[in-house]
Amino acid sequence: RWRGKRIAMVFQGAMNSLNPVINIEKQVAEPLIIHENMEEEEAIKIAREKLAMLGLGENVWKRYPHELSGGMKQRVVIAMAIITNPEILIADEPTTALDVVTQDRIMKLIKSLQREYNLTTILISHDLPIVSEVADRIAIMYGGKISEEGENEQILNNAKHPYTVGLLSSIPEPGSPKEIKGIPGEPISLVNPPPGCRFYNRCQFASEKCRFYNYDPRLIEEKHRVYCTLYGE
């Protein structure tokens, strides 16, 4: 049983991940009961320890999801994910619908868990500034395909794919005089995506060969790959 035990997931929208009629400590204990065949009493004891570690004391344990704030619910979901000591944590938009202060707390929590548990984390997010704070490697996707991938600094400081460059140019920097530029055009339909490069219809450098590009990687430097015909074979 890899899923739920060795590979755990934090889903987007904590409220949708929690059962409204089961209290918090029982929900957090459930993975241990299912995956470790643990008795409920022992599982709840460990669940309380995990919740306390994440800053959720006994005043929370017997409450229900609708009684908690967004940040508290997100910590509950994280406790459920890590209670089986997984090797890999997949976090899908873990800061969605949270205020800026709570977003920062959740990301710091995930980062501390990475260190404490030697946890490999796959963070899925549309918020590149948040990703840049916690990720060692970054993969930029457009239209369901990876456009560029590399080490954190390679992507942020030496972006090559036109979409990555456009994405970075569209992010505001407080106090910076940098002009914010949007990406012209409309996103493609993923119901019936076109052949070739998914960014073709919005790219200022597009050529006919982009229409038939099969996404073979082009190596920029070690660990830095771009999927674009602008660069060498």
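Every read-out reported here was derived from the displayed coordinates using simple, explicitly stated rules and does not represent laboratory data. Nothing here was measured: the structure is a model prediction, and the numbers come from that model. Please note: Cβ atoms are built from the backbone with ideal geometry, for glycine as well, and neighbour counts cover all protein chains shown.
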Using the Karplus equation 6.51 cos²θ - 1.76 cosθ + 1.60 (θ = phi - 60°), what ³J(HN,Hα) coupling, rounded to whole Hz, does each residue of segment 158-170 give in order, writing x for Gly and Pro?
9, 4, 10, 5, x, 5, 4, 4, x, 4, 5, 6, 8
Fluctuation leader among V134, V76, V100 - the chain, Gaussian network, Cα springs under 10 angstrom
V100
Cβ density ranking, 10 Å radius, fewest first, applied to S17, S169 yields S169, S17
I'd like to know which of I22, G175, Y142 lies farthest towards the positive end of the charge dipole of the chain, counting +1 on Cβ of Lys and Arg and -1 on Cβ of Asp and Glu.
Y142
Pseudo-spin-label distance I46 to S207, built 7 Å along Cα→Cβ, given in nm, is 5.8 nm
Skipping prolines and chain starts, which residues have an amide H placed within reach, meaning under 5 Å, of the one on C228, given they are 5 or more residues away or on another chain?
R218
Identify the trypsin sites (Lys or Arg not before Pro) of segment 167-233 meeting these criteria: DSSP loop state and at most 13 other C-beta atoms within 10 Å of the C-beta.
K178, K181, K223
Using helices alone, what [θ] at 222 nm do you get for the chain, with -39,500 (n - 2.57) per DSSP H run of 4 or more residues, divided over all residues and rounded to the nearest 500?
-10500 deg cm²/dmol
Among 135-144, 56-65, what's the highest-first ranking by average C-beta atoms within 10 angstrom per residue?
135-144, 56-65
When we measure straight from the Cα of K145, which aspartates and glutamates land under 16 angstrom away, once same-chain ones fewer than 8 places off are left out?
D216
For S147, S112, ascending order of other Cβ atoms within 10 Å (fewest first) is S112, S147
Under Stokes-Einstein, the chain at 25 °C and 0.890 mPa s, with its Kirkwood radius over C-alpha pairs, diffuses with a coefficient in µm²/s of 123 µm²/s
